[in-house]
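Reading through the C-alpha cells given below for one structure.
The values are calculated or read from the model by the stated rules, or taken from the named source; none is laboratory data. Keep in mind that what you see is a predicted model, and the values were worked out from it rather than measured. Note that we place each Cβ from the backbone using ideal geometry, even for glycine, and neighbour counts take in every protein chain shown.
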Amino acid sequence: MSSEGDQGPRNTRGRKAKAPPLPGVLSDIAVPPHYQGHRERLRGRFQEAGPDALPDYELLELLLFRSIPQRDVKPLAKDLIQRFGSFAEVLGAPVPRLTEVKGVGESVALDLKIVAAALQRMAKGKVAKRPVLSSWSSVIDYCRMAMAFAEREQFRILFLDKKNALIADEVQQTGTVDHTPVYPREVVKRALELSASAVILVHNHPSGDPTPSRADILMTQQIIETAKPLGIAVHDHIIVGKDGHASLKGLKFI
C-alpha cells in the first residue's frame, strides 16, 4: 500500500513508473518534424509544374534540403535572397560573404558553389560543342553565368580557331570593383601562342550596369589595332552585369 504522500505507482526497483500516454495522444517520437510535409509538397510542385513555377527562395530551399536535412530552411533561403538579391546572385556570391549569413557554414557555402560550378560547366559545354558565332545566345549565357555576379572586375578572352570553334577560355586579368588593367600586346601575344584566328573579349561590371565606359571603348579599339596586322580578328567585346549585357559590336563601337 502506498503512503499518503505518494504521487503514483512505482516500478519494482522503487522508481516512479512512467504514466502511459493518454488515448489519442501521440508520443514525441511519433510526430515528424513540422517541415517534413512542406519539403514533400515543395518537391511535388517542382516535379509537377517545373522550376519556373517556383520563386527564387523555394528553388533555393530545394538545394538547401540536402545540405541541411534536419532543419527548416525556408527562413534561411529567404534571408539569402534578401541579402544577395536573387537565386543567381546567391550562387555567384563568394564563400566568405555567404558564411556571413546566420545558418550558413562553410559546408553549406561549398555545396552552393559546387552547384554554381556545375551550371557554369554545363553552359561552357554548350559553347564548346559548336562554332561560337552560330550559338551566340549560349555564349552570352555562359559569360553571364561565369562573371556577371563577381565582386571584382575580370577580363576574359575566348580564343577561336579559323572555324570559330573555341580553343581556350582564359581570365587574363582580375582587377578592382571598377577597373581591370588590360594590355593589348599581352592579349595579342597570347592569341599568337594559341594559334588563334579570332578572339571575343569579355569583362564584367560589378556595379550591375553593363553600359560600356569610354575607357572600355578605347581599350577595345587599341586591341583591334594591335591584332589586325597580325591576322587576328576581334569579333566582339561583351560586357556583362547583373542587369544584363552589352555588345560593343551591337552598339556599333566595333
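The table below gives the values:
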| read-out | value |
| --- | --- |
| Failed criterion for Cys143 (all others in (1) surrounded by fewer than 15 Cβ atoms within 10 Å (Cβ to Cβ); (2) within 30 Å of Ala118 (Cβ to Cβ); (3) in contact (Cβ under 8 Å) with a residue 12 or more places away in the chain; (4) not β-branched (Val, Ile, Thr) hold) | (1) |
| Residue count for segment 100-115, restricted to those that are surrounded by fewer than 16 Cβ atoms within 10 Å (Cβ to Cβ), outside any helix (DSSP H, G or I) and out of contact with any Lys or Arg (no Cβ under 9 Å at 6 or more places or on another chain) | 2 |
| Selection within segment 225-252 - in a helix (DSSP H, G or I) and either surrounded by 16 or more Cβ atoms within 10 Å (Cβ to Cβ) or small (Gly, Ala, Ser) (or both) | Thr226, Ala227 |
| Criterion violated by Arg152 - all others in (1) farther than 24 Å from Ser86 by Cβ; (2) touching a residue at least 40 places away in the same chain (Cβ under 8 Å); (3) in contact with a strand residue (DSSP E or B) (Cβ under 8 Å, 6 or more places away or on another chain) satisfied | (1) |
| Residue selected from segment 180-224 under the condition in contact with a Lys or Arg (Cβ under 6 Å, 6 or more places away or on another chain) and outside any strand (DSSP E or B), by the criterion nearest to Ala168 (Cα to Cα) | Ser197 |
| Cβ-Cβ under 8 Å pairs, at least 6 apart or on other chains, segment 84-95 side acidic (Asp, Glu), far side buried (at least 17 other Cβ atoms within 10 Å of the Cβ) | Glu89/Phe149; Glu89/Lys242 |
| Count of segment 152-180 residues which are surrounded by fewer than 17 Cβ atoms within 10 Å (Cβ to Cβ), closer than 15 Å to Gly241 by Cα and modelled with pLDDT of 90 or more | 0 |
